Structures are given as structure tokens and as C-alpha cells.
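What follows is calculated from the coordinates using simple rules that are stated; it is not laboratory data. Since the structure is predicted, the reported quantities are computational estimates derived from the model, not experimental observations. Cβ sites come from the backbone with ideal geometry, for glycine too, and all protein chains shown count toward neighbours.
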Amino acid sequence: MEDTPTSAGTAPAKAAPEARPKNNTTPRRTNVRFQAQRVPRLCPFCQQKVRTIDYKDVDLLRHYLTDHGKIKPRRRLGTCARHQRMLATAIKRARHVALLPFTMQTL
Amino acid sequence: MYELMYIARPTLDEPALAALNERVDKLIASAGGRVVKREDWGKRRLAYPIAKCTEGFYSVLHIHLPPTAVRGLERNLKLAEDVLRYLVTRIDPRLAPDSEFKQE
């Protein structure tokens, strides 16, 4: 979304001068929104063998919100389904007890 | 094993807050529960206003409570005027080792 899509969607990753890890999944969709999302291959939570995500850990959770306070999508984080679910639950709990905002105005 | 978090009204003074905390402890005890750990975070800014308050006193408790008593406890907290928000979550005993409290 915020990432500007690189031109020519079929160009291999080596052509892009970005430092992001190479995306090994073949792009199936042509929608610009889904293009040029360099996603890490392994879930960042799996790498650290995270078993629980605490809703009180605000500094950690903040990291996974967009500027508007939305939960970042999996295609941007590269998380596995399980950890994304845990993350979403934790963020929603934190929102309920006003540790995190539901929305942030950026005007 | 449950974790209870509640936010008390920021307009409470020192003794009123202590009285509320004691009331919650009694509520748990009378429901056949036991407070394992209690942590008061003090006054903290809310991410969004609740009942026209922008701050609140946070408290986090680890409690042993019979599962049937949870509903009653939640109802009592809901009825308490000075509790802005509460949250009861289950703590998985298998994952208990990493459930120690973070120091604010």
C-alpha cells in the first residue's frame, strides 16, 4: 500500500535495488496493491519460537500496526496463519483495555 | 488460572482506589478464588477516552478461580461504577513459564 510498486511486475527480484529479502512466491494477482510486497520467507514469530503473544506487551504490538492503527496484513509481515491469529487476538485485547487505539488520525 | 485486568476511574483518590482494589480481592475470595499475584500499574493514559476519561488506574491480577465463578465476577465488575473496563483472560498453564509480569 504505502510501498511504491516497482514497474514491470514480471521483473525478477534481482532487478529491484531494494535491500528487502527476495520474495520467492510467484505473484498470482495482477492488482497493484499486491505487487512489490517483499515478504520474508519465514514467519518472524516462528523464527523466535514464540508460543504466546501477550496483549500487555504494547511496544511489541505497536510494531504490527499501520500508521492508522490497523493490524498489518500477513502479506506485509510474512507471519504464518497461527501467529497472525495470535497477534490479532492480542491486539484486539489490548484495544479493549485501551492500551492500543482502534484508530489513529493522521491528517 | 486467569488473568484479570481492570481500569479504575482516574478521579478516585488514594483511599478510594485502595478500597476498590480491596473490594475486588474480596469479590474473588468470596467466589472461591485466590489471588496469586497482583500488580498495580498506577495511572496510565488511555489510548482512547472511555466514559469521558482519558486516564485510568490499571491493575493486573493473576487468580485461581473456579471456571463457573468467572461469569459472576465479570457481572460484579460490570456493575461497579468505578471500573471503566475489565478483561478476564485464561492463562494456559502449559505456557505459564513466560507469563511472569513485565515491569512497567
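This table checks each residue for (1) under 20 Å from A:Phe45 (Cα atoms); (2) within 14 Å of chain B (Cβ to nearest Cβ).
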| residue | (1), (2) |
| --- | --- |
| A:Pro73 | yes, no |
| A:Gly78 | yes, no |
| A:Ala88 | yes, no |
| A:Ala94 | yes, yes |
| A:Phe102 | no, yes |
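In the set (1) on the phi < 0 side of the Ramachandran plot; (2) part of a loop (DSSP other than H, G, I, E, B), B:Gly32 fails one condition alone, (1).
Number of residues in the range B:61-92 that are of a type in the set (A, V, I, L, M), outside any strand (DSSP E or B), within 23 Å of B:Arg45 (Cα to Cα) and within 14 Å of chain A (Cβ to nearest Cβ) equals 1. Give just the number: which of (1) assigned to a strand (DSSP E or B); (2) loosely packed, with under 15 Cβ neighbours inside 10 Å does B:Tyr58 not satisfy? Among (1) assigned to a strand (DSSP E or B); (2) loosely packed, with under 15 Cβ neighbours inside 10 Å, the lone unmet condition for B:Tyr58 is (2).
Among the residues of the range B:55-94, those that are closer than 29 Å to A:Thr103 by Cβ and of a type outside the set (A, V, I, L, M, F, W, C) comprise B:Glu55, B:Gly56, B:Tyr58, B:Ser59, B:Glu74, B:Lys78, B:Glu81, B:Asp82, B:Arg85, B:Tyr86, B:Thr89, B:Arg90. Contact map, the range A:78-107: first residue over 23 Å from B:Arg45 (Cβ atoms), second residue in a helix (DSSP H, G or I) and of a type outside the set (A, V, I, L, M, F, W, C), Cβ cut-off under 7 Å, separation 6 or more or different chains; pairs are A:Gly78/A:Pro44; A:Thr79/A:Pro44; A:Gln84/A:Arg74. The set of residues in the range B:40-60 that are among the small types (Gly, Ala, Ser), within 17 Å of the chain's Cα centre (by Cα) and within 8 Å of chain A (Cβ to nearest Cβ) contains only B:Gly56. Condition check for B:Arg94 on (1) within 23 Å of A:Arg51 (Cα to Cα); (2) surrounded by 11 or more Cβ atoms within 10 Å (Cβ to Cβ): one failure, at (2). Within the range B:27-54, the set of residues being surrounded by fewer than 13 Cβ atoms within 10 Å (Cβ to Cβ), of a type in the set (A, V, I, L, M, F, W, C) and more than 20 Å from A:Phe102 (Cβ to Cβ) comprises just one member, B:Ala29.
Go through the residues of the range B:17-26 one by one and say whether even a single one is surrounded by 12 or more Cβ atoms within 10 Å (Cβ to Cβ) and more than 14 Å from the chain's Cα centre (by Cα). Taking every residue of the range B:17-26 in turn, none turns out to be surrounded by 12 or more Cβ atoms within 10 Å (Cβ to Cβ) and more than 14 Å from the chain's Cα centre (by Cα). Do we find a residue being out of contact with any strand residue (DSSP E or B) (no Cβ under 6 Å at 6 or more places or on another chain) and without any contact (Cβ under 8 Å) to a residue 24 or more places away in the chain anywhere in the range B:39-47? There is at least one residue in the range B:39-47 that is out of contact with any strand residue (DSSP E or B) (no Cβ under 6 Å at 6 or more places or on another chain) and without any contact (Cβ under 8 Å) to a residue 24 or more places away in the chain. Selection over the range A:65-105 of residues that are part of a loop (DSSP other than H, G, I, E, B) and among the β-branched types (Val, Ile, Thr) gives a count of 4. The set of residues in the range A:46-68 that are within 13 Å of chain B (Cβ to nearest Cβ), surrounded by 15 or more Cβ atoms within 10 Å (Cβ to Cβ) and more than 22 Å from B:Tyr86 (Cα to Cα) comprises A:Val50, A:Leu65.
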